[in-house]
Amino acid sequence: MTIYEQTYGCCHPYVGAAYNNLGGLFIQTGQYEQAQSYLIHALIIARQNQHMELLWHVQDSFRELFSSQKQLKTAIFFGKQAVETIETIKSKNVHLDRSLAQSLLTSKSSVFKNLSELLVDSGRLDEAQHILNLMKIDEYEDFMKTSHHRGGHGSIQLFTAEEKKIREPSIEIFNNIAAIDRKRTQAQKELQQSDDQLRAVKKMVHSIFG
């Protein structure tokens with residue numbers, strides 16, 4: 001991680017992707033607390049950069065994290081967030097032809113399938129069917145038509161009333177964390193610049209006075 005951060009900066013999406021990958025490895029080994037720590041870092045970076053591709057990957061990793069711990073309600077919540085992010089990406093690709101649209105859906109199909117399985121396991125069959133329908137190309141084209149008529153903003157109901165109550169506060173919390181992290185990063189940069197300037201002055205003094 002140190003090499004990535006030194007190369008790209010601590011808040012670069014590549015660093016976020018690396019955190020997400022490490023989180024996935026720790027999930028596989030059952031080290032859930034460590035996995036969650038890495039995924040939180042990844043989520044902050046994704047939101048800070050508004051990087052939608054990274055964001056849905058991280059949200060799906062959280063789905064896997066909580067699913068592995070049999071916390072199905074929380075896992076479903078994060079799985080739905082991943083689907084919502086993908087739907088946002090879809091809404092920005094209104095003019096894709098049918099083959100490219102199908103490719104877009106196929107590349108992310110595991111997110112929909114994994115979420116639908118959790119919903120089935122929880123007895124929420126109607127929701128599971130709704131999620132599976134979103135993978136169908138005809139459903140995608142209907143979504144695109146709706147999105148086009150609304151100026152690029154499709155509308156889809158994913159969250160239950162209970163989930164909606166925690167969705168907005170959770171987004172606000174992570175946005176606030178991201179804002180704080182941006183300030184921390186800027187402060188670190190300014191401190192580094194001050195250190196560099198101090199070293200330069202010391203070097204100059206040493207060259208003059210020996």
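The values are calculated or read from the model by the stated rules, or taken from the named source; none is laboratory data. Predicted, not measured: the structure shown is a model, and the values here were computed from it. As a convention, Cβ positions derive from the backbone with ideal geometry for all residues, glycine included, and neighbour counts pool all protein chains shown.
Brief remarks on what is shown
- Hey, ALA17 among the aliphatic types (A, V, I, L, M) and farther than 17 Å from GLY79 by Cα or not: yes
- From the options TYR14, TYR19, residue that is within 16 Å of the chain's Cα centre (by Cα), at pLDDT 90 or above, surrounded by 19 or more Cβ atoms within 10 Å (Cβ to Cβ) and not hydrophobic (A, V, I, L, M, F, W, C): TYR19
- Residue among ALA35, ALA75, ALA82 that is aliphatic (A, V, I, L, M), farther than 20 Å from GLU163 by Cβ and surrounded by 18 or more Cβ atoms within 10 Å (Cβ to Cβ): ALA35
- Any hit, the stretch 103-122, residues being surrounded by 12 or more Cβ atoms within 10 Å (Cβ to Cβ), aliphatic (A, V, I, L, M), at pLDDT below 75 and within 22 Å of the chain's Cα centre (by Cα): yes
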